[in-house]
Every structure is written in structure tokens, then in C-alpha cells.
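Participant: I'd like to ask you about the structure that follows.
The values are calculated or read from the model by the stated rules, or taken from the named source; none is laboratory data. This structure is a prediction, so every number in the text was calculated from the model and none was measured. Using ideal geometry, Cβ is built from the backbone for each residue, glycine included, and neighbour counts are taken over all protein chains shown. Surface accessibility is based on the protein's heavy atoms, side chains included, excluding ligands, DNA and RNA. Shrake-Rupley method; radii C 1.70, N 1.55, O 1.52, S 1.80 Å.
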Amino acid sequence: MIRISRSIINLFGWLFSLAFTVGVIGCVAAFLLFQHYSKDLPDYSQLAQYDPPTVTRLYAGDGKLLAEYATEKRMFVPLSAIPQRVRQAFISAEDKNFYEHEGIDFGGIARAIRDNIINYGMGKSLVGGSTITQQVVKNFLLTNEKSLERKIKEAILAMRISHVYSKDKILELYLNEIYLGQGSYGVAAAAQSYFNKSMDELTIEEAALLASQPKAPSEFNPQKHYARAKERRDWVIDRMRDGGYINKDEAEAAKKNPITLKSRDGAEVAKADFFSEEVRRTLSSMYGEDALYEGGLVVKTTLDPQLQAYADRSLRKALVEYDRRRGYRGPVMHLTLPTTKEVLARISRDHAYQMFDGQRLAIVALLEDKKATLAFEDGSHGVVPMTLLKWARRVIADGQLGPDIKKPADILKVGDVVMVSPVSDEQKKQEKLSADDAKKTWDLEQVPEVNGAIVVLDPHTGRVLAMSGGYAYGGTEFNRATQARRQPGSSFKPFVYTAGLENGFTPSTIILDAPVEMSQGEGQPMWKPQNYHDDYLGPTTVRVGLEKSRNTMTVRMAQMMGLDKVMEIGKRFGIYDQPAPNFSMVLGAEETTLMRLTNAYAILDDGGKRVSPSLIERIDDRHGNTIFRRDTRECAGCKLVTLAGLDKTAPPPIPPDNREQVVDPRVDYQMVSMLEGVTVRGTGARAHLELKNIVAGKTGTTNDSRDTWFVGFSPDLVAGVFVGYDSPRTMGKKETGASVALPAFIDFMKSALQGVSNKPFRIPPGISLQQVDLRTGIPTSVAPPTGTVIDEAFVTGPPIYIPGVTPLPSFNADGTTPENTANPGGGAGDNFISVRPAPQELPPVNGTGGLY
């Protein structure tokens, strides 16, 4: 029997007492520490009402993504919608004992310390010690401060919330809140950002890559650190295998696959920057910035991506064509050669927002008599033939152009950085280029100084189908379609003439086209409006006056009606709010926007019914509740719960149309018919020559050609174009709405109406079509025509009451009015004959033709 000495027994007793004492002290200290750090802890009850900031998304009318707005790019997804594979990947990577511990994994902490010592020595990835619960605490309740105090508080809160919330709730919070790189918060947004997939489409290796990111998204960014990212991803795959979530063969197959990222396909995304920005401003004014950037709104817009593409292209083409007529202003910059590819690449990045359809920047490397040789940033070369440089005459002072170009060196220097574009099909034929030569041949370009806008509307609903507010969005967010207030010029005249038709004139009424002058008040010079070419036609029909855009005839009509009628119709059609009482407004001197003017034409196109422009079709909140709808009409037969018993032969239900009638539909048709004449015989006749479909519209040009317009429409589509300098100045003596804005309208309509059947404008009841002489307005049944014969529209039947508008005047049986109303509107002396027009059913045949 082994005898133990008393000294050894005493030693063990002393050690036990010491250990016990230390243990007691430790427990007391831990208790006191716990009590101390438990004070002033954040309230974790907020986790029960987790409502994170989520991304607001804009969608085009066809469902394509248009834009996203968010402080944190996140899409909240309940745990039930997150696939098991994704959950398993994150649990494997971050907290393999998640469903077993009480918020703190003490064994995991010990293993992490051990493994990190080993991994550090071998240069391998380090392992984290925080549980998913602790990460939720850190992300929601605490800061990222690295301190012992924060870690203690984190541990206390982790244990507390583990007793309050289920493991699934904690995991749901984690997977929706965690930052995973690429600007994405939460697994749903990250799946879209990295792979352009929904979560249920992710493969093992893709889920593992996402799960590898929480530790250090920048360090494991596969675009910047591919090898490091793949190593970390493969480590997660191994952890999934070790946890029994996948088998060995699946793990090995997944690790063999490279990391393949995929951004959104261009076919899935619509591009309309000016349109999107206008919607953003609208949403901000409706709901505020917080709701816009954090509210997770789902916004279906009215945009038609195909029409938007046509509109963008047509506007840019028109701006470039006009700008070329004004000459070449020089290169983007000049570099001293030799230079590096990186320098040109940087310059190209700076100007990328201004380049479209394959345009590039290049350096002029060599000049010869017949061509200029270009060098691109990728080391390739190209040429600009002399024939494609002839437009580029130097700009001299006051818009004057220099001499014709004889050789490339007349305008280019070696070292010039120039913008070029691929040659068009027409240029390929012109230059007789082979397919190989065409790839190397380029056309000299420059960013236009002039700018403009185009708006496209559905005339029956006011839906804005396309809108471009300028040549390029990146340089400015200023939207010339909605924010630029400019004078519409003659494009306002249709509304002056519409007021005339409401007040007794007919399209065949004769008005004197001759010089006119008006007093502007005491001490002011006489106002003497002139026609564009300072020529005069004498007695002319109202129709021809609008078709040829005769200023003096328009002023005379306004004199007879009174300026108040013109001001009222401008407000009634929404063109102006409070126009100044100045007669120059009848010629379009009062400023408005392209959107407002185009919408006014949409009212004409839709039979005189009120329409209002709208960019938003519907808005849903983050929970799927519709909070805004453009069309609020009730339609009893439109909501079907079941198809049972549906009569498939019955016509579809039609919602009631309770819109305001802005103008008598018969008068409206008369104006539409006259505007059709503008595009056939008048200032917009180029449209009739180049378009296969029937259209109507009006040009507009202001004094000194500072603003140019064309607004026109087919029976089901309206488009308005404005072109002018941002700081108004003349566009040139020969430049008009017909030469600058109309080409954009034609180019757009050619594409938009392709495949659309050609149909006439709708004729409402109460219209009588009579064949008349275009020049005199006299029916062919009364007198032989002297020239062109047209079908003219006349109003029949009683007037239709329009609130706030004087109805058509009544007439006696002999065509005279009950009262003599000579010189209405203030009179104009000997400038017109003071007789009233005869009833609209019968054009005037009194020898004078109703001369004014």
C-alpha cells in the first residue's frame, strides 16, 4: 500500500482551495461583468418588425427592368422562399452548429482558434468564430467597432435573442441583411448581381460563392481576386460536403467548374435615362425620398422600349444632321505623340456617355492626300476616306464656314483625338467598300452643340410611350422635354385656328393675307408681324393660311375673335397656365414645354377628349398592394373570378369614358383635317412624301430661328420634337422646324408605323364633306374649280356645349347673324371686310367668299 505523505495531501488541498476560490471569484466576476454590460443594451424587439430598406424597381410596359433606386440594393425574401441549398451553403461557411447552440458556439470558438493557428502557418484561409446569431446582433443592434466591450455585448444579446426568436427567424434576418459585395445586400439581390439568376436557379458552386462573401467581400471579389475567390468558394463546398449536404462526387464536380459571373442580359433591360429620371422625380414628389430609396416600390411605367429606341435614334440623327451643316469645330483634344493606349482608354471612358451605336475615339496617326489613318486604344487601325470628310468645313466667326476641304490635313492634325463611327450601309455603297474594307473604314463625328427632345404619346390614354430629353444623358440630367420652357412659334397656330372654328370661321372662310400692324400702347412702336418669307397671298382660305403658316392671317383671325379667346384655348388645352395678354402669343411667343404642347396635340388626335400625360401605369408597395393606378375607371365586367359560364362570343367589356370634352369633336376633326393638309401641301409636306401612312402635324419656328418644332400624329400615335440651343441663339437663316425638327419626326414614324395599316382619321357624326376649290373655298357644285379640289369638312347639326366656351354662333335663314357684329375683337380698320361667315354647313358663296 502506497503511503501518501501529509505534505502532498496538503498541497492538493491547497490547490483545490485555490481553484475553488478562483472559480468562485471568476463566477462572481463574470456575473458582475454580465450585469455591467447588460445595462443599456439595444432593444432587440425591433427584430420582430424587421422591415429593411429594399430596392425600388421601375419596369417598362413590356416587363423589362428600367431602373433601380436604393440606399441598399436589397430584395427581402422570406426564409420559406430561400432554397435549402442556399441556406446550407451559408450555414456550412458561417456556423455549422447553428441549429444546435444557444447563440454562442463555445466549441466553435475553440476550434476556430486552433484552426486559425494551423491555417496561418500554412497560408490558408482563416476561419471565423462568430455565429450567425452574433452576426445578426452586430449587423442590426451594434456597431462594427472592434473592442472587447462590443464582443461581450454581442455574446449577451446573441444568447438573449436565441431564447426569444426561432432559429428560422434568425436565419431569415441574416440572409436578408448580410452584405455580399457587388453593392448587394441579402442573398436574393446578390444572386441577381453575380449570376443574373433567381435563388432557386443557383448551382452548388454558385451558392457556395455567395456564402464565401460575408467574411470579406472585397478580398474575395472574383473579378479582382479570382484565385483567392475560387479558393474560398471551394473551401465552402468542402464544408458542405463535410456537413453531409452534398456528396463527394457533387463536391468534386462543383469545384471543377470555374467562377462564371453574368450580368443582366441587354434584352432584359430597357434603357431610357431621361424617362427614368422623370419617373424618379415624380415618385419623390409623390411619396418622398425615403419611400423612393428604401420603400421597395414596384413601378410599372408606360414606356415602350422599342419606341424609345426609335425615338433616341431619330433625335440623335436629326441633331447630328443639323450640326454637320454648321461645320466642324475641331477634335476632342490634341495629344503629343507618342502616347500610350492607357491615355486614350481613359479619355474614351470620360466620353463614353456621349458615344452611341459603335462610336469610338481614335488618334489621327497619319495624314495622306486621300485618307486619314486612325489608331485605336486596342492597337487596331482604321481610315477615314477623304470623301467622308467633305462635310467638316471649319467654323469661322458668326457661324460662317471656311473653304471646301481638299485634303484631310485641311482639318486634321496628327495627334488629334477624334470621334468616329462605323460607316452606314449607304456610305458603304457610296464608297464601294468590300465587307473587309468596311470594317476598317470610319466616318468623322462630333458631339452636336445643338440639343433637343422628343416625346411620344398614346393619344387615347396620355401614356408617355417614349421620351428623350437630349442628345446624351450623362452630361446633364436636364430634360428638355419637360423642363425647357421655349416659344412654340407656329406650332401653336392650330389652337388659334381651333378657337376660330369654334367662333364661326370655317376652313373655307377667306382671310386677307397682307401686311398688318397693331398698336403696342402709347410710346411704343407699332407691331408689324410678317410672314416668314415676307410674301403675301392676298385673300386666302383659313385652311391654306394654316397649311402655309401665314402669320398675318393668324393675327387677323385673333383680332376678330378677341385675344381672350386665344388665351382661353391655350389654357383649356393645357399649353399655358396664365398666358400674358399680348397679341404676339398668337404666333407662339409665349413659352411652354414640349410635353405640354405634344399633349395638346394628343387631345386633337383623340377627338377633343381630355388626356393627361402619364409616365406611370401602376405602383405596388413592397407587400404587393397597389397604391397607385393610372386608370381608375370602374369596369364591372372586367374582373373575372372564374371563366366558368363566360360567353366567349360576347364583345369584351368597355370601361366608361367619362373624360371631359375639351372641344367639339366636329370642330376637332376640322382641325385634324387641316393639319393633315399641312403634311400634304404645307410646311410639313416632306412627311407626305416620305411616309406611307397618313399623318397630320404642324411645324414651328420662332424669331431668328432660335427654336424649331414639329408636333404630329397618326390616328393612334403622337410625337413632338423640339430642337434648339440650350442658350438660345439663331440656328441659321434657312433653318426651320421643317428642316431641323421634322426629319426626326419622319424618321421616328417610319420605324414606329412599320407594319401598321394605313387608315384615315376618324370622322365623327355631324361632319359633312364637300368638294371645294382649295384656293377659293367655293364648292365645285357652285363654281368650276380654278385649281386643286379637296374634300372639305363642315359642321352640321346643333352646337355641342363645351363648358366655358361660347358655342358656335346661330344664324338666320339667310345666313346673317341676329346682331351685326362687325369688327369683333377690337377691329382692324380696313384690313378686313366686316361680315360674318355663313353657317358651317354651307361654305360662303357671296362673291367675296367671306373675306376677312
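Participant: Can you give me the long-range amide H partners of Val711? Hydrogens built in the peptide plane at 1.01 Å from N, cutoff under 5 Å, separation of 5 or more residues or another chain.
Facilitator: HN-HN under 5 Å from Val711: Lys698, Val721.
Participant: Could you pull the accessible area for Tyr185 with a 1.4 Å probe, rounded to 10 Å²?
Facilitator: 60
Participant: Considering only protein heavy atoms and a 1.4 Å probe, what is the carbon-and-sulfur percentage of the accessible area of region 571-708?
Facilitator: Values: 3360 of 6600 Å².
Summing carbon and sulfur atoms, their accessible area is 51 percent of the total for region 571-708.
Participant: Cα gyration tensor of region 593-706, axes a ≥ b ≥ c as square roots of the eigenvalues: rounded (a/c below 1.5), prolate (a/b > b/c) or oblate?
Facilitator: Because a/c hits 1.5 or more and a/b exceeds b/c, region 593-706 counts as prolate.
Participant: Leaving out ligands and nucleic acids, and using a 1.4 Å probe, what accessible area per residue does region 622-779 come to in Å²?
Facilitator: 50
Participant: Please compute the net charge surrounding Met731, taking Lys and Arg as +1 and Asp and Glu as -1 over other residues with Cβ under 15 Å from its Cβ.
Facilitator: Charge balance in the 15 Å sphere: +1.
Participant: Can you give me the % of accessible surface on region 434-551 that is carbon or sulfur? Probe 1.4 Å, all protein chains present, nothing else counted.
Facilitator: Looking at region 434-551 in its full context, I get 47 percent from C and S.
Participant: Oh, and also: Taking all protein chains together and a probe of 1.4 Å, list Met585, Met355 from the most accessible to the least accessible.
Facilitator: Met355, Met585
Participant: Of the listed peptides 253-264, 499-510, 606-617, what is their order by residue-averaged count of other C-beta atoms within 10 Å, with the highest listed first?
Facilitator: 499-510, 606-617, 253-264
Participant: Also, quick follow-up: Amide H to amide H under 5 Å from Leu366: which residues, 5+ apart in sequence or cross-chain, H placed 1.01 Å off N in plane?
Facilitator: Excluding prolines and chain starts, which carry no amide H, the hits are Thr373.
Participant: Pop a pseudo-label 7 angstrom from the Cα along the beta-carbon direction at both Tyr725 and Thr632 and give the gap in nm to one decimal.
Facilitator: Placing both labels 7 Å along Cα→Cβ, they lie 4.5 nm apart.
Participant: Based on the mean of other beta carbon atoms within 10 Å per residue, what is the order of 396-408, 665-677, 465-477, most packed first?
Facilitator: With the highest mean Cβ count within 10 Å placed first, the list reads 665-677, 465-477, 396-408.
Participant: Starting from 0.36 nm per residue, how many nanometres of slack lie between Asn221 and Glu449 once their C-alpha separation is accounted for?
Facilitator: 77.9 nm
Participant: A follow-up question, please. Write down the accessible area per residue of region 168-308 in Å², having rolled a 1.4 Å probe over the full set of protein chains.
Facilitator: The answer is 42 Å² per residue.
Participant: Right, next: Could you give each residue of region 749-764 its phi-based ³J(HN,Hα) in whole Hz, using Karplus coefficients 6.51, -1.76, 1.60 with θ = phi - 60°, and x for Gly or Pro?
Facilitator: So the J values, rounded to whole Hz, are 5, 4, 7, 5, 9, 4, x, 8, 4, 7, 9, x, 6, 5, 9, x.
Participant: Something else now. Tell me whether region 744-800 comes out rounded, prolate or oblate; compute the Cα gyration tensor, take square roots of the eigenvalues as a ≥ b ≥ c, and use a/c under 1.5 as the rounded threshold.
Facilitator: It is oblate, given that a/c is not under 1.5 and a/b is not larger than b/c.
Participant: Further question on the same structure: Straight-line reach from Lys371: which lysines have Cα under 20 Å away, leaving out those fewer than 8 places along the same chain?
Facilitator: Lys390, Lys406, Lys407, Lys413, Lys428, Lys429, Lys432, Lys439, Lys440
Participant: If amide H atoms are built 1.01 Å from N in the plane of the peptide, which residues on other chains or at least 5 residues away come under 5 Å of the amide H of Gly295?
Facilitator: Close amide H contacts, sequence-distant or interchain: Thr54.
Participant: How large is the accessible surface per residue of region 514-584, computed with a 1.4 Å probe and reported in Å² as a whole number?
Facilitator: Spelled out: the 1.4 Å probe surface of region 514-584, per residue, equals 44 Å².
Participant: Are any of the pairs Lys96/Lys256; Lys64/Lys750; Lys138/Lys256; Lys169/Lys256 more than 29 Å apart by Cα-Cα distance, and if so, which?
Facilitator: With Cα atoms farther than 29 Å apart: Lys138/Lys256; Lys169/Lys256.
Participant: What percent does the relative contact order of region 660-725 come to when contacts are Cα pairs within less than 8 Å and at least six residues apart?
Facilitator: Rounded, it is 20 percent for region 660-725.
Participant: Could you give each residue of region 666-675 its phi-based ³J(HN,Hα) in whole Hz, using Karplus coefficients 6.51, -1.76, 1.60 with θ = phi - 60°, and x for Gly or Pro?
Facilitator: 6, 4, 4, 5, 4, 5, 4, 4, 5, 5
Participant: In addition: Across region 693-709, in residue order, what do the Karplus-derived ³J(HN,Hα) couplings come to in whole Hz, using 6.51 cos²θ - 1.76 cosθ + 1.60 with θ = phi - 60° and x for Gly and Pro?
Facilitator: Rounded to whole hertz, the list is 9, 5, 9, 9, x, 8, 7, x, 9, 9, 3, 6, 6, 7, 10, 10, 9.
Participant: Continuing with this model, one more query. Order Thr552, Thr461 by their accessible area, 1.4 angstrom probe, all chains in place, largest first.
Facilitator: Result, largest first: Thr461, Thr552.
Participant: A further question on this structure: Please state the shape class of region 243-327: rounded when a/c is under 1.5, otherwise prolate if a/b exceeds b/c and oblate if not, all from the C-alpha gyration tensor.
Facilitator: It is oblate, given that a/c is not under 1.5 and a/b is not larger than b/c.
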